[in-house]
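I have placed the structure first, in the form of structure tokens, so that the comments after it can refer back to it.
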Amino acid sequence: MASEESIEVKFRLADGSDIGPKRYSPTITVGSLKEMILSQLPQDESNGPKTINDMKLINAGKILENHKTLAESRSLVSEVPGGIITMLVVMRPPMPDNNHGYGQMFVIPNANSPLVKATYLALAVLTWYR
């Protein structure tokens, strides 16, 4: 791979730190870049991303798709020829885990509650009168 073909990219994290700059092949996918970033993040953080789907790469205000290549994801309008492309890394906070006491996303009412009994009765009556 010649250096003219490669694209120099650095990744800006939310805390202001950078990963890179490093040269990549134009044929590398965004998903592969995310895997590389994920492998370089501290693994001891409990609030960090677990998969590449917990992470977004943004270049020139555009969210990049995992299946597209780096060449397809470039914004030639906003790039300086021969310059370093800075991509923003946005990480989704982990979803609450019900097994660890963070609560439930949806509250399922008790089957014996008056509201549930009234709902079942109303549905039975409506179904019977159909």
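The values are calculated or read from the model by the stated rules, or taken from the named source; none is laboratory data. None of these values were measured; they are calculated from a predicted model. Cβ atoms come from the backbone with ideal geometry, glycine included; neighbour counts cover every protein chain shown. Just the protein is used for accessible areas: all its heavy atoms, side chains included, with ligands, DNA and RNA removed. Shrake-Rupley method; radii C 1.70, N 1.55, O 1.52, S 1.80 Å.
Among the residues making up the stretch 57-103, a single one is at pLDDT 75 or above, open to solvent by 90 Å² or more (accessible area, probe 1.4 Å) and among the hydrophobic types (A, V, I, L, M, F, W, C): 63.
Yes/no matrix, rows are residues, columns are (1) open to solvent by 70 Å² or more (accessible area, probe 1.4 Å); (2) within 15 Å of residue 64 (Cα to Cα):
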{"site": "6", "(1), (2)": "no, no"}
{"site": "9", "(1), (2)": "no, yes"}
{"site": "27", "(1), (2)": "yes, yes"}
{"site": "30", "(1), (2)": "no, yes"}
{"site": "40", "(1), (2)": "yes, no"}
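When restricted to residues that are touching a Leu at 6+ places or on another chain (Cβ under 9 Å) and of a type in the set (Asp, Glu), the stretch 7-60 contains 1. In the set 21, 26, 49, only one residue is modelled with pLDDT of 90 or more, assigned to a loop (DSSP other than H, G, I, E, B) and not hydroxyl-bearing (Ser, Thr, Tyr); that residue is 26.
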